[in-house]
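The structure appears below as structure tokens.
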């Protein structure tokens, strides 16, 4: 797992699960996009479906974040 996978997992989690500008996840997303630009090819659909396995490690980070945050809710 690379640093890119970790940041991409956090980026996608914050992107898909923030609840607006007052949400801490939105603030984290804003901090991430200051230094991380995933590009147009990395959409939510491509990330979740990932037919070629290029986002496998990042999805693992994403699902771990989902699981951890569902327990807190």
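Per-structure values
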| read-out | value |
| --- | --- |
| Of residues in region 50-70 being surrounded by 11 or more Cβ atoms within 10 Å (Cβ to Cβ) and farther than 18 Å from residue 2 by Cα, the one modelled with the highest pLDDT | 66 |
| Restricting region 37-63 to residues that are assigned to a helix (DSSP H, G or I) and free of Cβ contacts under 8 Å to residues at least 40 places away in the same chain, the residue that is farthest from residue 11 (Cα to Cα) | 49 |
| Extreme residue, farthest from residue 70 (Cα to Cα), among residues of region 27-47 that are touching a helix residue (DSSP H, G or I) at 6+ places or on another chain (Cβ under 7 Å) and modelled with pLDDT of 90 or more | 36 |
| Any hit, region 10-25, residues being touching a helix residue (DSSP H, G or I) at 6+ places or on another chain (Cβ under 8 Å), touching a residue at least 24 places away in the same chain (Cβ under 8 Å) and either surrounded by fewer than 10 Cβ atoms within 10 Å (Cβ to Cβ) or not in a helix (DSSP H, G or I) (or both) | no |
| Filtered residues of region 26-36 (kept if within 15 Å of residue 6 (Cα to Cα) and either outside any loop (DSSP other than H, G, I, E, B) or touching a residue at least 40 places away in the same chain (Cβ under 8 Å) (or both)) | 28, 29, 31, 32 |
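The values are calculated or read from the model by the stated rules, or taken from the named source; none is laboratory data. Small disclaimer: the values here were computed from a predicted structure and weren't measured. All Cβ positions, even for glycine, are placed from backbone atoms using ideal geometry, and neighbour counts span all protein chains on display.
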